[in-house]
Every structure is written in C-alpha cells, then in structure tokens.
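Participant: I have a structure here, written as structure tokens, and I will follow up with some questions on it.
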Amino acid sequence: MTQKSIQAFVFFTIIILWGYFSFPYEILQVSDEAGVRYAFTPNAKAYVLSYGTTILLTFCAVCIGLVVGFILALIRFSPFRVLNFIVDEFIDIIRGTPVILQLMIFAFVIFTFLDNLYAAILALGLNSSAYIAEIVRSGINSVDRGQMEAARAMGLDYQSTMREIILPQALKNILPALANEFISLFKETSVVGFISVVDITMQSKSLQAVLYNPKPIIFTGLVYYVSVKIFSLGVRLLEKRLNQND
C-alpha cells in the first residue's frame, strides 16, 4: 500500500469509528403510536443550520480579513509615519486582546444596532485582518528586494511593481500561512456562543442539555475534524496547481 492509501484508510477509519460511537441518533428519533421512527426532526434541522452559520461566519470573516489585511500590510510599506503608527497600534490591540472580549465589545458596545451575527462577522474579520496583515508583510519581505529595484529601473512605477511582480510571488509564499489562518478562524468561530449566536458548538451544547447525553458535543468534534481535512486538501491542491509553473 502507498502512503496516500494508508492515510486515506486511517482517515476513513477514524471517521467511521468516531461517527458510530458519537452520532446522536436521538435527534432523528420521533416517537408516536406506531413506535419509534427516524425523520429529519427540528433538532436535526437546527443542527444542520448551525453548521451553515459556522461556515457563513468563517467565509465572511475571511473575506473581510483578506481585504483589510492586505490594505493594512500595504500601508505598512508606505512612507507615511502617522499611518504606519496607527496600523501598528491597531494590530497590537487586536493581537493583544482576547477574541471573546472583542466579540462582546462589538456586540454589546459598538454595534448594538446590529444583529449579533453581523457583529460577530465584523469582529472575527477584523481580528483575522491583524494576523493576515503580518502574514502578508512577511511575504512581501521574503521577495528579494532586487526585484523591486530592477522593476523600477525598467520604468515601472511602485504600484505596478507591487501588483505585477511582488504581490504574486508573496502570495505564493504565504499561501500555507493563510490556510492556517483560515483553519484557525474556522475553529475560533466556536466562541460566538458568548454573544448568543447559535453556531454548531452552541447548538451541540443545547442538544447535550436536552438529551442529557454528551454525544452531540463529541460528534461536533468530528464535524470540525472532517471540515478542516477538506479545507486542507483544497489548499494542497491549490498549492500543487500554483507550483506547476515553477
């Protein structure tokens, strides 16, 4: 057996055993005069929708994080010291305070007029942007400075050089780090229950209280595990595609 075959065998073995011993069958059970039957109950529907909320939070926050993070990283390379100072302080504040505290401040202090779901998206997105800004900055610094000098000597302006030469190389270098940030953000969404946003973690906790059974929480761990595996596979395929031209 090849290494990939062994990895696939181990992966599916873990899924089958973990799912078999932890799946909360009770959320599919309906009791009536004919006995117990299985159906797509409101509890099951709520669980699926809560997973959708987790995915929505992750992708929306990642989009905000990427856009704001790239802007912050580019500002770090600008000659304006005041802007650099403001960006530095913003990044330090975001990285120096707990994400739960940021969620509560956004939901209960700043954006009290918004639904807590939108406040959570903004909080997670800005939190991620601080880390992405540092990732992008390190990626730009990893590109040989001689390429910038050569491009400027050929007549390209600063913006064109960054867009056409530096950023494509930097993006290729930082892709693994961006993937790790995406995965970390996906798992960090589990804290949104503190501001009453019903994600999959919050929903599993509610089911555990209703069923008097820890299976929903344990099974949710499997959902996170499989999701991260799928995301990681997608990143590997993207990296492989990008490396074809090397």
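The values are calculated or read from the model by the stated rules, or taken from the named source; none is laboratory data. In this text, all values refer to a predicted model and were calculated from it rather than measured experimentally. Virtual Cβ from ideal backbone geometry, glycine too; neighbours counted across all protein chains shown. The protein model used for the area step is the full one, side chains on, heavy atoms only, and it has no ligands, DNA or RNA in it. Shrake-Rupley method; radii C 1.70, N 1.55, O 1.52, S 1.80 Å.
Participant: Give me the compactness ratio for region 74-115, meaning the Cα radius of gyration over 2.2 N^0.38 Å.
Facilitator: Scaled against compact globular proteins, the figure is 1.50.
Participant: Run through region 120-214 and list the chymotrypsin sites (Phe, Trp or Tyr not before Pro) located in a DSSP loop whose Cβ has at most 16 other Cβ atoms within 10 Å.
Facilitator: Tyr212
Participant: If you don't mind, there's one more thing I want to ask. Rounded to whole Hz and in sequence order, give me ³J(HN,Hα) for region 222-231 from the Karplus expression 6.51 cos²θ - 1.76 cosθ + 1.60, θ = phi - 60°, writing x for Gly and Pro.
Facilitator: So the Karplus estimates, Gly and Pro as x, are 5, 4, 4, 4, 5, 4, 5, 4, 5, 4 Hz.
Participant: Using a probe radius of 1.4 Å on heavy atoms only, what accessible surface per residue do you get for the chain? Whole Å² is fine.
Facilitator: Value returned for the chain: 60 Å² of accessible area per residue.
Participant: Shifting gears a bit: Heavy atoms only, probe 1.4 Å: what % of the accessible area of region 1-98 goes to carbon and sulfur, would you let me know?
Facilitator: The C+S portion of the solvent-accessible surface of region 1-98 is 72 percent.
Participant: Grab the alpha carbons of the chain, take their convex hull, and tell me the volume per residue in Å³.
Facilitator: Here the figure is 167 Å³ per residue.
Participant: What FRET efficiency would be calculated for the residue pair Ile55, Met154, taking the C-beta separation as r and a Förster radius of 41 Å, to the nearest 0.05?
Facilitator: Efficiency, from the Cβ-Cβ distance: 0.40.
Participant: Right, something else. May I ask for the Kirkwood hydrodynamic radius of region 170-245, worked out over all distinct Cα pairs and given in angstroms to one decimal?
Facilitator: When all Cα pairs of region 170-245 are included, the Kirkwood radius is 14.3 Å.
Participant: Counting residues in region 1-128 as N, plug N into 2.2 N^0.38 Å and put the Cα Rg over that result.
Facilitator: Computed over Cα atoms of region 1-128, the ratio equals 1.63.
Participant: How do Met104, Met162 rank by accessible surface area computed with a 1.4 Å probe, from largest to smallest?
Facilitator: Solvent-accessible surface, decreasing: Met104, Met162.
Participant: Here is the link list: Lys4/Lys229; Lys187/Lys229; Lys187/Lys215; Lys4/Lys187; Lys172/Lys240; Lys4/Lys215. Which ones come out longer than 21 Å on Cα distance?
Facilitator: Cα-Cα > 21 Å for Lys4/Lys187; Lys4/Lys215; rest within.
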